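Bear in mind these aren't lab numbers, they're just calculated from the coordinates by the rules spelled out. Predicted model, so just to flag it, every value in this text is computed and none were measured. Methodologically, a virtual Cβ is constructed for each residue, glycine included, from the backbone with ideal geometry; neighbour enumeration extends over all protein chains shown.
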Amino acid sequence: MQQLKSVTLFACVIMMSCQCLLAQNNSDSTHSYWKASMDYLSNAVYNGRKDSTALPYFTPSIGYYHKSGWYISASAAYAAATHENRIDYFSFDAGYNFSINNFSGDVRANKTFYNAQSTAIKSDIKGGFGTDVSYDLHVFQVGASADVIFDNKTDFAFNANIAHAFTWGPTLQQWSITPTLAANFSSLYFYEGYTNRRVGKAIKKINPNVVTVKATTVVPNPGITLLDYEASLPLTYDAKKWGIAFTPTYAIPVNKIETTTTATYTLKNRTTYTTINNTTPASEKNLSNTFYAELTVYFKF
C-alpha cells in the first residue's frame, strides 16, 4: 500500500510539472520533424551491471518530434552477440522536452517488450515513466532524474549528474563535447527477474531430466541503493538534416546485490523437489568496472 501511494504521488508530481511546463515552455524549436536513427551499443550495461558475456545491440528507431516539445518514437533492438542473433526487444516512447531559461529536461513514458530468451540485465523491465531536469550554471550543468520502473514489482530509480558542454561551429553545423560524471541509484527488484531467468536456463542445461523449473528469486535488501558511478564523454555533431553522436562510458559498480532463489523442479518421471540457494551471480560477487560505447547516426526530415 505504501508503495502504491508513492507511485501515485510520483505520477501526480509529473503530471503537474507537465502542465506547468506547457504554460512556460520557451523552446527554440521552430518546426516539427521526423527523425530516423541507427544506434550501435557495444554492451548492454545497466547501473554498472552486465551479463557474463557482452551483449551488443544494433537499434534502428523512428520518431516524430513536434515543435511544441512533444515526441513519440519506436525502436527495435537486435542482439548481435554470438549465438544470440535475434530481436531482443521492442520499445515505444512518448514524452515532452522543455527549456525554460537555464532549465531544460523532459517528462517521458516508455513501454518495452523483451524477448523471453533475453540475457540483458533489464530484461524483466516492462516500461515506466519519469522526468529529468538540468540547470545551466554556465561553469557547469547540474542534473537529476527520477523514474518509476515497472517489472516483476515496481522499482524507483534516481540519477544525479554534473557536466560541462563545450560547443563550437555555427548553429546548423554544431559540434559539442560534454564531459559528464553521474551516480545512479535504484531499488533492486529488477535484479530478481533477471536472476530468475538465469537460474532456469542454467538448471535445464546442467540436468536434462528437468522438465520445468519454477524459481522465485528475492533480494534480501531491495531498497534504494547506490549502484554505480559513471564517467562519460559524449561527442556530437548536429546539422540541419542529420547528425552523429558517440558516447564512451566507464562504469564503476558498487554495493553487491545478493540474491536467494527458491526453485521447484519437475523431472521427467513427474517427481518434484525444492531447493533454496544463494544465486548471486559470479559477476556480482566480483564486481568489475566496465568500458562501453554507443554510436548513433540520425537523419531528420
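Would you list His66, His138 from fewest to most Cβ contacts within 10 Å? Write down the numbers at each step before the final one.
Numbers: His66 14, His138 7.
By the 10 Å Cβ count, ascending, the order reads His138, His66.
Would you mind ranking Val211, Val219 by Cβ crowding within 10 Å, fewest neighbours first?
Val211, Val219
Which one, Gly193, Asn110, Thr247, projects farthest toward the positive side of the charge dipole computed for the range 2-300 from Cβ point charges (K/R +1, D/E -1)?
Ranked along the dipole, the leading option is Gly193.
Using helices alone, I'd like the mean residue ellipticity at 222 nm for the chain: each DSSP H run of four-plus residues gives -39500 (n - 2.57), total over residue count, nearest 500.
-5000 deg cm²/dmol
Label Leu235 and Phe158 with points 7 Å out from Cα along Cα→Cβ: what is the distance between them in nm?
3.5
Using only alpha carbon pairs under 8 Å that are at least six residues apart, calculate the relative contact order of the range 2-300 and give it in whole percent. Mind dumping the intermediate values first?
Numbers: 730 pairs, mean separation 45.3, N = 299.
Contact order relative to length: 15 percent.
Once the Cα atoms of helix 189-206 and of the chain are each reduced to a long axis, what angle between those two axes, in degrees from 0 to 90 to the nearest 10, is obtained?
Taking the Cα atoms of the chain, the angle to 189-206 is about 40 degrees.
For the residues Trp70, Trp175, what sequence is obtained by ranking on other C-beta atoms within 10 Å, fewest first?
Values: Trp70 15, Trp175 12.
The fewest-first ordering by Cβ neighbours comes to Trp175, Trp70.
If you compute Cα Rg over 2.2 N^0.38 Å for the structure shown, which of (i) 1.09; (ii) 1.22; (iii) 0.96 do you land on?
Given (i) 1.09; (ii) 1.22; (iii) 0.96, the structure-derived one carries the label (i).
With +1 on each Lys and Arg Cβ and -1 on each Asp and Glu Cβ, how big is the dipole of the chain about its Cα centre, in debye rounded to the nearest 20?
It comes to approximately 1100 debye.
If R₀ is 41 angstrom, what is the calculated FRET efficiency for the pair Phe58 and Thr272, using the beta carbon separation as r and rounding to 0.05?
Here the calculated transfer efficiency is 0.45.
Angle, helix 2-24 long axis vs. longest principal axis of the chain, Cα atoms, 0 to 90°, nearest 10?
Its long axis makes an angle of about 20 degrees.
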